[in-house]
Amino acid sequence: MISWAAPGRINLIGEHTDYNLGFALPIALPERTIARFAPADTDVLTVHSDHLDGAVDIRLDTRPGDVEGWAAYVAGVVWALRAAGHPVTGGTLRLTSTVLIGAGLSSSAALECATLGALTASGPELDRITSARIAQRAENEYVGAPTGLLDQLSSLFGEPRRALLIDFRDVTVEPVPFDPEAAGVTLLVINSHAVHEHAGGEYAARRTSCERAARDLGVASLREVCADDSLDPVRDPVDARRARHIVTENARVHDFVAAVRASDFAAAGRLMTESHASMRDDFEITTPHLDAIAASAVAAGAFGARMTGGGFGGCVIVLVPTDRAGSVTDAVEVAMRDGGYRAPTVTATHAAAGAGRVRTA
C-alpha cells in the first residue's frame, strides 16, 4: 500500500495572475487529501472516496470525456501521466480528505497531486514542476477547467511558516517567511458556504478577456505590463478593467511580500482589502455575499480581508490582530445573519507542509 498526501491551499494575494504569467503568494493548508494505492495486475483503477458510496472504475486507456464528476480529476491524472510517457498501474485507490470541496481551497489540486504521488511513488521520481504541469494538464484538458499552475504548485511546494512567491513566467517558487502568529496576528478563513465552481464559463471568460487585452497591448501576456503603463490601446472597456486588475494585482503581490518580510501585517491587510476591491470592481468575480463578509471583518477591526480562489463563491481570508479575532468573528456572523445569508464557518489557519508520502509506523 502506497499512501500520499497533498494539501489544499489559500492564496494570500495574486488572483487570476497565474494564467497571465504574473505573480501570486499562496500557502499550503493543514487540511489534505490522502490517496492510498494498492497496485494490481489489471488495466483498471478502481477508485473509492470517503465522501461518496460505491466506487468508480477508470480504465488505464481512458480519454477525455470518458469519466465525469469528481472521478474525472483522478482519470485526468491517469491520462496525463500516460500521455507524458509515464507508466500507470491498475489497482485500487482509496481517497480520504479534510479539504473542503467547493470552498475555493483547491480540493481539486489536492486530489490531483495526491493521486499523482501515489500512482508514481514506485517509479522514477518526478520533480515538482513536472508533477505540477501533469496535474494541470489533467485539469485543463481532461476535466475542462482552464486553470493556471497556482493550485498545483501550492500543493506541491508548501512549507510550514512559509508563503510561496510564484513567478508563473519563469515557473519559480521562492519561500517567503509567513508566521503572523509570532507577531500576534491571526489568519482567519471564513467559509461563506456559497459553492465555488472551477469549471464554470465565467472563469474561462476572464481568461479570454485577459488574452484579448494582451493582444491589444501588443504583449505576449499581461505580465509584461507595468502598473503605470497606459491601458488605452485596449479596445473593449471591460477587457481594460480585467487587465487593470491583473496589472495592479501583480504589483500588490510584491508589496505584500515586502510587508510580511517586515512583519508589517497592517500594511499587508490593506493590500488584501485593495485586492478584494479590484476583484469586485475590475475583475467582477466576487459576490455581494463575499463583499459583505470582507467589509464586516474590516469594519470590526481586521487589518484586511479578501476573497481567495477563483471567485463566485468560496472563502474570504482575514488578517486580524489575535486579540480582535473573536470580535471580528462575531461581527461577521451578525452581518451574515442580518443579511439573510447562511451562517459562515470561521477557522484560524497557518502555512503548512506540501505534498509527500504518508509514513506509517
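Listed values, structure above:
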item: Residue-count net charge about ARG357 - beta-carbon cut-off 14 Å; Lys, Arg +1, Asp, Glu -1; result: +3
item: In degrees, nearest ten, helix 128-137 long axis to first principal axis of the chain (Cα); result: 90 degrees
item: Dipole of the range 178-349, positive end: most advanced residue of VAL253, SER209, ALA294 [Cβ charges, Cα centre]; result: SER209
item: Alpha-carbon centroid distance for the pair the range 130-201 / the range 5-26, whole angstrom; result: 4 Å
item: Mean residue ellipticity (222 nm) of the chain, computed from DSSP H runs ≥ 4 via -39,500 (n - 2.57), nearest 500; result: -11500 deg cm²/dmol
item: Surrounding net charge for GLY158, when Lys and Arg each add one and Asp and Glu each subtract one, Cβ distance under 11 Å; result: +4
item: Point-charge dipole on Cβ atoms (K/R +1, D/E -1) for the chain, about Cα centre, debye to 20; result: 440 debye
item: Mean separation of Cα contacts under 8 Å, 6 or more apart, over the residue count of the chain: relative contact order %; result: 24 percent
item: Mean separation of Cα contacts under 8 Å, 6 or more apart, over the residue count of the range 178-349: relative contact order %; result: 33 percent
item: Environment charge of ILE58, counting only residues whose C-beta is closer than 12 Å and scoring Lys/Arg +1, Asp/Glu -1; result: -2
item: Anisotropy class of the range 250-315 from Cα gyration tensor, a/c 1.5 cut; result: oblate
item: Charge dipole (the range 2-175, unit charges on Cβ, about Cα centre) - positive-most of ALA83, SER106, VAL44; result: SER106
item: Sorted by Cβ density within 10 Å, fewest first, the residues MET307, MET279, MET1; result: MET1, MET279, MET307
item: Between the range 314-361 and the range 43-66, the alpha-carbon center distance in angstrom; result: 33 Å
item: Centroid-to-centroid separation of the range 80-117 and the range 260-285 [C-alpha atoms, Å]; result: 31 Å
item: Relative contact order [Cα under 8 Å, 6+ residues apart], the range 82-214, whole percent; result: 22 percent
item: Rounded if a/c under 1.5, otherwise prolate or oblate - the range 2-175, Cα gyration tensor axes; result: prolate
item: Cα gyration tensor shape of the chain, rounded if a/c is under 1.5, else prolate or oblate by comparing a/b with b/c; result: prolate
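A short reminder: the numbers here are calculations on the coordinates, not readings from a lab. All figures in this text were calculated on a predicted structure; none of them were measured in a lab. Heads up, the Cβs are rebuilt from the backbone with ideal geometry, glycines too, and the neighbour counts pull from every protein chain shown.
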